[in-house]
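A short worksheet on the structure shown next.
The values are calculated or read from the model by the stated rules, or taken from the named source; none is laboratory data. Here the structure is a predicted model, which is why all the values come from computation and not from measurement. In this analysis, Cβ positions are derived from the backbone assuming ideal geometry, glycine residues included, and neighbour counts consider all displayed protein chains. Calculation scope for accessible area: heavy atoms of the full protein, side chains included, ligands and nucleic acids excluded. Shrake-Rupley method; radii C 1.70, N 1.55, O 1.52, S 1.80 Å.
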Amino acid sequence: MDRRSFLGLGLAAPALSVPGRSLAATERPRSRAAQAGYLPNIPLLAHTGERFRFYDDLIRERTVLFNFFLVSCSEGRCPLATAKLRAVQDLLGERMGRDVFFYSISLQPEVDTRQVLKEYAEAFDVKPGWLFLTGKKADIELLRRSQGFVDNDPERDKDLSNHVGMARYGNDRLERWGAVSVNSEAENIASTFKWLTS
Amino acid sequence: MNSHEKLIQRTMDLQREITREGLTRRDLLKMGMLSLSSGLLLPIPGLSLRAARADAICPEPGKDLFSPPTRPWTVELPRLVEKQVVPGNDPSSCDVGYGGALPGPGVPVGTMTGGDSKFRCCEEFPELHNATPYAELDHQAWGKGGRLGNFAPQKFYEMRAKQFNHVWHPDLPAGNSGQPAWGFDSVVPGPMFRTRYGEPHFVRIHNDLPAQNLGFGINQISTHMHNLHSPSESDGNPLFVNYSGHYYDYHYPNVYAGVNQYGGIGNPNEALGTLWYHDHKLDFTSQNVYAGLAGMNCIYDAHGIYADPNMGDYGDETKGWRLPCGDNYEFDVGLVFHDRQFDPNGVDFFPLTCLDGAIGDKMTVNGKIQPFMPVKRRKYRFRMLNMGPSRSYDWFLSNGASFVVIANDGNLLPAPVVVKNFKQTVAERFDVIMDFSLYPAGTQIVLVNRAEQKSGRGPTGNLISPGFQVLKFVVTSDAFGVDESRIPAKLRPLPDIKQPISRSRSWEFKRNGGEWTVNGLPYNRNVISAEIPEGSAERWTIINGGGSWQHPVHIHYEEHRMLTYNRRTLPPIEGGRKDVIRLDANATAEIYMRFRDFKGIYPMHCHNVVHEDHAMMVMWKIV
C-alpha cells in the first residue's frame, strides 16, 4: 500500500460512485438530536467503496446501531466486539439492511483505509446492512466527541481502545437514542431493537 | 475455525507477542501500525494509537452553556398534588384501558388481562414469565393464600403518564404557556401518595405517552417504587415494560420487612417513611426521569402498631412521636429538588450523549425554579428528595441555623440529629424539622446548596461561598391553630443485625473501556449476578473502582445498614437504614443486607441515572 493512500483521504481517494440515498425530497426536518449536533453530517467512505454523509445518508429516518473501533485494537477488544455484532446481525435476520443498519466507524482512519476495512469485513463474513467506515481523522474525532465516548482523563482519552466499549443505538424518526455495551451478549444487544419500533 | 475466529485468534496472538517482546506503544509507534487483516506491520511511520485530546460534549453549566435569566422568588412553591383514590375507592371504576381483552364482569381488578402491559412484555421477552410464572406476575401477595399471599388492596388509585406543557419559570421565553414535559397525572413532579402500613394499595398506571418524544425519552416506562418492600412484579424493575397504550397494575402490600419472621405485617422497626416513584426503563431512565416521570410517596405506621402510645409515625401530630403534620398534611411537605439546563433560547436541554451525567444551572423545587414558600410560625416536617439526574448537594441555611434531621432515605433515625449542613446525593431523601416559631413574621431564610459541582462526575468536594440559593422560606403571621407537634428525643429504634451472615459478596463500580461496569461487566438482561435464599443475611462490600466519579449506589428492596465507610464507622446521620450509598471517588462501603419475604428479581445500580443507563447495573434474585 502506498502511504499516500492513507493520508488526506479526501484528496487521494479514487473517484468512486456515490450511491448515497437522496433525501432532498424529505419533508421532515432533521431530528432534534441532529440539529443539536449529536449526529454530525460528516463525509465517510465505506468498505464497499461507497461515500456517504453520516447523518443524511446513514442515520436519517432509520433504526441503527453504530460503534467505534479500530483494526489495531488493544487486547483484541475490537475483533471481539465485531464478532459479537456479527452474531447480532444473524439474530436480526432479514431486518438487517431493511429497517436496521449497523455502522462501525474507525477511530484510526489514517490506517484503516477502505481496503483494510474491506478485508476486515470479509474476514468477519459481514452481511449486507452493515458498513465499516473511514474518513478524515478530524471528522471522526468530532463524531466520537459528539457521542460522548470521551474520557475526562487526557491520558486515558488518548488510548483509542478506551472508546470501543459502547455502541449507540436508536431510531432517528422517533428520536430515541440509547447505548448498549458491545461486550454484552448478542441476545441482549439484539433485544434493544424491540423498543425502537413504536 | 471459521474466518473471523481466525482473525480473533490472530489478534490475540499478536497481542501476546507484543506483550512477550515487551514492546511498548512507543515501539509500535516507531515501527508503524499492525494490520491485523494481513497480520503484517504496515509501513506507516509516525501514526499513533492515540488521538488528540478532545473535549467532551458535556457542557459545564454556567461556563459552556447558560440558561436565560429568571428572577428568583417570584414563583410560589407549589405543593405536591395530594393523590386521591378512584371514585368511591371502587376498583371497578378503574379504566380498563385500550388494548387486549377487556376485563368484563366477573374479571375483577387484580386479574391480569390483555390490557395489562405485563402480558405484552412477557410476549416480547419470554424469559420474564419463564422465570416468574404468570400467576406470580399477577401479584404474589394478593389472593394467593398463605402468610405472604393475602394482602388484598384496600385503597385503589389510578394514574396516567402523559405529555403536557409545564412552566418551569414564567420568565423563560416560553412564558406562561410553558414547554412540553412528561409526567404522572400531568404534573411535574407527580402527585404525592399518602399510604399506610396495614393498608395495601393498588395503582393502575396508564401509559398515555406519545411515540414522538421531547427529543429525548421513550414512551415505554417502568415505574419503580423506590424503595418499598414490594414483590418483584410491582417493584418497577427495568425489565418490566409498561408500553404506550397499555396499563400496568402495581400492588403494594404495605407490610414491614420481616413478615416471615414476625408474622402479621412484619416488624414496625423496619418501617420506611419517605419514598419516591420514578421511571426505571432500561437504558432510558435518565431521559425519562428528566422528562418529569417522578413523584413522591410517603407511608405512615399502621394505627396502634406500637404498644407504647408515645411511639409511631401516624401522620397525626397528636399521636405517637407527634411529628409535624397538621390537618390535610399541611405541615408535612414534600420537596423535590431537581436541576435543569436550558439552552440560551430557554428550550429544555438534555445532554443526550454525555456519559458522565447531566447537571443544570437552574435549580427547581417541586417543578419551579427558585420558588419561595410562605411558612407559618410553627414546626414543619420537610421530606427532601434529590430527584437527580446527577447533582449532589450540601445543604445550609442562610441564617446559620441548624437542621433537625429525623430521617435518612425516608427511614426515621433512632434519635434526631442536629447538623449545620448535610450532603444529599441523587435519590437520597432526608426528612428535617424546621421550627419557624423561632422567627418573627417577615423573616426570610434561604436554603442554600454549597457543594461545588462542575460536571456529572460528582461534586468536587469544595464548598462554594455564598453558595447557590434554591428555596426561600418567608415567615408569615398567618394563623395555624395550635402546633401540637414535637421534636421527640427518641425516634424509631434500629432493628438488631444479629442474624448471622451467610455469605459475603463484593461489587466494584468502575468505568472500564468507556463503559460503566459492575465487577467488570456491563449490565446484561440475561444474567442474574446473585441468587440469594429468602430469609438470609449477607455482607456486601461496595467499591468505587477509581476515577474521580461519585457513584450513588442504590439497591432495590430491603434497605441496608452501613457497617463501615472507608473502614471508618459512621456519623449518626448515616447510621440508620439506607437504600442509597453515596460512594465517593475511591470509597469502599461495607453493608449488611437482609432478603426477606418476597421472591423475584431486583436490581442494584448506580443512581447517577446516566451511569445506570450505560450499563452500571446488576440484577440479583431472591429464591
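Residues that are open to solvent by 20 Å² or more (accessible area, probe 1.4 Å), over 23 Å from B:VAL259 (Cα atoms) and not acidic (Asp, Glu): find the strands (runs of 3 or more DSSP E) completely inside the stretch B:520-572 holding 2 or more of those. Before the answer, list the steps.
Working: elements: B:530-532, B:536-544, B:551-555, B:560-565.
Correct list: B:536-544, B:560-565.
Does any residue of the stretch A:181-189 turn out to be more than 7 Å from every other protein chain (Cβ to nearest Cβ) and not in a helix (DSSP H, G or I)? Can you show your working first?
If we filter the stretch A:181-189 for residues that are more than 7 Å from every other protein chain (Cβ to nearest Cβ), which is where we start, we get A:182, A:186, A:189.
Next cut, not in a helix (DSSP H, G or I) only: A:182.
Yes; the residues of the stretch A:181-189 include at least one that is more than 7 Å from every other protein chain (Cβ to nearest Cβ) and not in a helix (DSSP H, G or I).
Which fully enclosed strands (runs of 3 or more DSSP E) of the stretch B:144-232 have 3 or more residues being within 14 Å of chain A (Cβ to nearest Cβ) and touching a strand residue (DSSP E or B) at 6+ places or on another chain (Cβ under 8 Å)?
B:179-184
If a residue must be facing chain B (nearest Cβ under 7 Å), under 23 Å from the mean Cα position of the chain (by Cα) and in a helix (DSSP H, G or I), how many such residues does the stretch A:150-160 contain?
Number satisfying all stated conditions: 3.
So, of the residues in the stretch B:50-102 that are in a strand (DSSP E or B) and over 25 Å from the mean Cα position of the chain (by Cα), which turns out to be modelled with the highest pLDDT? Please lay out each step first, then the result.
Restricting attention to the stretch B:50-102, the residues satisfying the condition of being in a strand (DSSP E or B) are B:50, B:61, B:65, B:76, B:82.
If we keep only those that are over 25 Å from the mean Cα position of the chain (by Cα) as well, we get B:50, B:65, B:76.
Working: B:ARG50: 20, B:LEU65: 79, B:GLU76: 98.
The residue in question is B:GLU76.
Tally time: how many residues in the stretch B:512-571 are among the acidic types (Asp, Glu) and either within 14 Å of chain A (Cβ to nearest Cβ) or more than 20 Å from the chain's Cα centre (by Cα) (or both)?
Within the stretch B:512-571, the subset among the acidic types (Asp, Glu) is B:515, B:531, B:534, B:538, B:558-559.
Those left that are additionally either within 14 Å of chain A (Cβ to nearest Cβ) or more than 20 Å from the chain's Cα centre (by Cα) (or both): B:515, B:531, B:534, B:538.
Matching residues across the stretch B:512-571 total 4.
Looking for something open to solvent by 10 Å² or more (accessible area, probe 1.4 Å) and more than 7 Å from chain B (Cβ to nearest Cβ) - is there at least one such residue anywhere in the stretch A:165-178?
Yes.
Given the criterion among the acidic types (Asp, Glu), within 17 Å of B:VAL333 (Cβ to Cβ) and surrounded by fewer than 23 Cβ atoms within 10 Å (Cβ to Cβ), identify the matching residue among B:ASP394, B:ASP435, B:ASP431, B:ASP361. Spell out the reasoning first.
Numbers: B:ASP394 fails: within 17 Å of B:VAL333 (Cβ to Cβ); B:ASP431 fails: surrounded by fewer than 23 Cβ atoms within 10 Å (Cβ to Cβ); B:ASP361 fails: within 17 Å of B:VAL333 (Cβ to Cβ).
None of the others qualify; the one that does is B:ASP435.
Quick one: is A:TYR120 part of a helix (DSSP H, G or I) and either within 25 Å of B:GLY456 (Cα to Cα) or touching a residue at least 12 places away in the same chain (Cβ under 8 Å) (or both)?
Numbers: part of a helix (DSSP H, G or I): yes; either within 25 Å of B:GLY456 (Cα to Cα) or touching a residue at least 12 places away in the same chain (Cβ under 8 Å) (or both): yes.
Here the answer is yes, as A:TYR120 does meet what is asked.
Kindly evaluate A:LEU85 against the criterion of being assigned to a helix (DSSP H, G or I), within 12 Å of chain B (Cβ to nearest Cβ) and within 13 Å of the chain's Cα centre (by Cα). If you could, list the steps in order and put the result at the bottom.
On the way: assigned to a helix (DSSP H, G or I): yes; within 12 Å of chain B (Cβ to nearest Cβ): yes; within 13 Å of the chain's Cα centre (by Cα): yes.
Here the answer is yes, as A:LEU85 does meet what is asked.
Contact list please: Cβ distance under 6 Å, first residue in the stretch B:335-355 and within 15 Å of B:CYS58 (Cβ to Cβ) and at the interface with chain A (Cβ under 9 Å from one of its Cβ atoms), second residue surrounded by 20 or more Cβ atoms within 10 Å (Cβ to Cβ) and among the polar types (S, T, N, Q), pairs at least six apart or on different chains.
Pairs found: B:PHE349/B:GLN341; B:THR353/A:GLN147.
Considering every residue within the stretch A:107-120, establish whether at least one is farther than 17 Å from A:LEU39 by Cα, open to solvent by 20 Å² or more (accessible area, probe 1.4 Å), within 8 Å of another protein chain (Cβ to nearest Cβ) and not aliphatic (A, V, I, L, M). Steps first, please.
Looking only at the stretch A:107-120, we keep the residues that are farther than 17 Å from A:LEU39 by Cα, and these are A:108-120.
Pick out the ones that are also open to solvent by 20 Å² or more (accessible area, probe 1.4 Å) and you get A:110, A:114-115, A:118-119.
Next, from what is left, pick out any that are within 8 Å of another protein chain (Cβ to nearest Cβ): A:110, A:119.
In the following step, the residues that additionally are not aliphatic (A, V, I, L, M) were identified as A:110, A:119.
Yes - at least one qualifying residue is present in the stretch A:107-120.
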